[in-house]
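These notes are about the structure you will find just below.
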Amino acid sequence: MSKSRVLFIVQGEGRGHMTQAIALKQLLEKSNLELVGVMVGISPMREIPEFFKREINCDIIEFDSPNFLQDKNAQAIRVWRSIFYNLLLGGKFFRSIRRINSTVKKYKPDVIINFYEPLAGLYSFFYRPKAKVICIAHQYLYLHPDFIFPAEASKGNINTVKNLTRITAIGAHKKIALSFYKVPAENFGNIKVVAPLLRKQVKEQPVTNGGYILVYLLNSGLMQNIINWHKNYPETELHCFTDHKSTSDEWKCNDKLAFHRLEDKKFIRLMSGAAGVVTTAGFETVCEAMYFGKPVLMVPVVKHFEQFCNSRDAYKAGAGVFDEVFKIETLLDFIKDYKKDDSFRQWVDQSDTSILNDLLN
């Protein structure tokens, strides 16, 4: 019996959608599904990490995709400037949609899996592919009635993120919503709520406690914030990961503060040995910390509405605390009374079969 052919289309911003794609690729190896190609949306602000190329081990096809613009200090999202900038690049993005179409024709997939790439949704709108389209992302939980947005969230932001999410899922046979927690209605319409997709490297990593704090900075402009904080708390050991191009491997500010270029194996190893984790509220990083039983301080990127929602949602799930600034002392205080709960880890470990069934049926 021949295997069904699968094509991934992955939004390239951050690391979350990429690590989810790696995790799913590892699951496909246990099934009657074969990954034949991976398309990744890129922009001038981001590069495809080497760990993704290594772990995906498949044909990678790049295409230009919309992206957020940062302020001059690389610390905040410039929402309206991003919208106007991406509108000006409409011609380039239509060429990307045509490239998606030509790639689908070349690889002839039976299943297209979209990891929250909006141009993949527009491709489905214009070309109506014969392949079954399945969308996977945390954001599909926003369309589920059991999800409650933070009370302080504006209606404008809620409607914007919901509409963007709907665009990514145009023509979808099924939407798989990754969640920090179980919801009462696991199935709602064509939305299925499941545990986060975590890679086998995370699941196989031993957990220890080395007493240090791990910091993940999506935006490199926040490096100075960490340096300034550490001047007031020099006794606290910090290991910080960033995508800053000047950090080639490891830069030691002093014996207690080190900056690392984002490298996945080292990142997982140091997270599993940390006393706690500080992150800019990306879904995947918070889930990995929860799996390791590490308390988290979440500091959403300014004006990044999805991260704002993540921080409140993960707090509700017991992951840790949130703040508007990198006050790591808040995490240090939280750690004193933190009690590890293995229920999240058990839920994740039991989810693989469910996800595969959703892809096959």
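When residues in the range 61-116 are screened for being modelled with pLDDT of 65 or more and within 21 Å of THR160 (Cα to Cα), 7 of them pass.
Here THR208 passes the criteria (1) in the same structural domain as MET39 (by TED's automatic domain parsing); (2) surrounded by fewer than 15 Cβ atoms within 10 Å (Cβ to Cβ) except the one numbered (1).
The C-beta contact set for the range 278-294 (first residue more than 18 Å from VAL348 (Cα to Cα), second residue among the β-branched types (Val, Ile, Thr) and not in a helix (DSSP H, G or I), distance under 6 angstrom, 6+ apart or interchain) comprises VAL278/VAL215; THR280/VAL299; THR280/VAL301. Candidates in the range 337-357 are the residues that are hydroxyl-bearing (Ser, Thr, Tyr) and surrounded by fewer than 13 Cβ atoms within 10 Å (Cβ to Cβ); of these, the one that is modelled with the highest pLDDT is SER343.
Can you find, within the range 154-189, the residue that is surrounded by the most Cβ atoms within 10 Å (Cβ to Cβ) among those that are over 24 Å from TYR291 (Cβ atoms) and in contact with a Lys or Arg (Cβ under 8 Å, 6 or more places away or on another chain)? Checked the range 154-189; the qualifying residue surrounded by the most Cβ atoms within 10 Å (Cβ to Cβ) is ALA169.
Within the range 303-327, residues that are touching a residue at least 40 places away in the same chain (Cβ under 8 Å) have Cβ atoms under 8 Å from residues that are among the charged types (D, E, K, R) and surrounded by 16 or more Cβ atoms within 10 Å (Cβ to Cβ) in these pairs: LYS303/ARG78; PHE322/ARG312, counting only partners at least 6 apart in sequence or on another chain.
Out of the residues in the range 1-21 meeting the condition of being aliphatic (A, V, I, L, M) and at pLDDT 95 or above, tell me which one is surrounded by the most Cβ atoms within 10 Å (Cβ to Cβ). Outline the logic, then answer.
Of the range 1-21, the ones aliphatic (A, V, I, L, M) are 1, 6-7, 9-10, 18, 21.
Next, from what is left, pick out any that are at pLDDT 95 or above: 6-7, 9-10, 21.
Values: VAL6: 26, LEU7: 27, ILE9: 30, VAL10: 26, ALA21: 26.
If we take residues in the range 1-21 being aliphatic (A, V, I, L, M) and at pLDDT 95 or above, then ILE9 is surrounded by the most Cβ atoms within 10 Å (Cβ to Cβ).
Scanning the range 260-273 finds no residues that are crowded, with 21+ Cβ neighbours inside 10 Å and over 17 Å from GLN205 (Cβ atoms). Residues of the range 324-336 that are loosely packed, with under 15 Cβ neighbours inside 10 Å and of a type outside the set (A, V, I, L, M, F, W, C): GLU324, GLU329, ASP333, LYS336.
When VAL301, VAL296, VAL321 are checked against the criterion of being touching a Gly at 6+ places or on another chain (Cβ under 6 Å), among the hydrophobic types (A, V, I, L, M, F, W, C), buried (at least 16 other Cβ atoms within 10 Å of the Cβ) and not assigned by TED's automatic domain parsing to the domain that holds TYR116, VAL296 stands alone in meeting it. For the range 217-224, check the following and say yes or no: at least one residue is in the same structural domain as ALA281 (by TED's automatic domain parsing), exposed (fewer than 14 other Cβ atoms within 10 Å of the Cβ) and touching a residue at least 60 places away in the same chain (Cβ under 8 Å). Within the range 217-224, none of the residues are in the same structural domain as ALA281 (by TED's automatic domain parsing), exposed (fewer than 14 other Cβ atoms within 10 Å of the Cβ) and touching a residue at least 60 places away in the same chain (Cβ under 8 Å). Taking the range 267-336 and the strands (runs of 3 or more DSSP E) fully enclosed by it, the elements with 1 or more residues that are at pLDDT below 95 and touching a strand residue (DSSP E or B) at 6+ places or on another chain (Cβ under 8 Å) are at 276-279.
The values are calculated or read from the model by the stated rules, or taken from the named source; none is laboratory data. Only a predicted model underlies this, so the values are computations on that prediction, with no experimental measurement involved. Cβ sites come from the backbone with ideal geometry, for glycine too, and all protein chains shown count toward neighbours.
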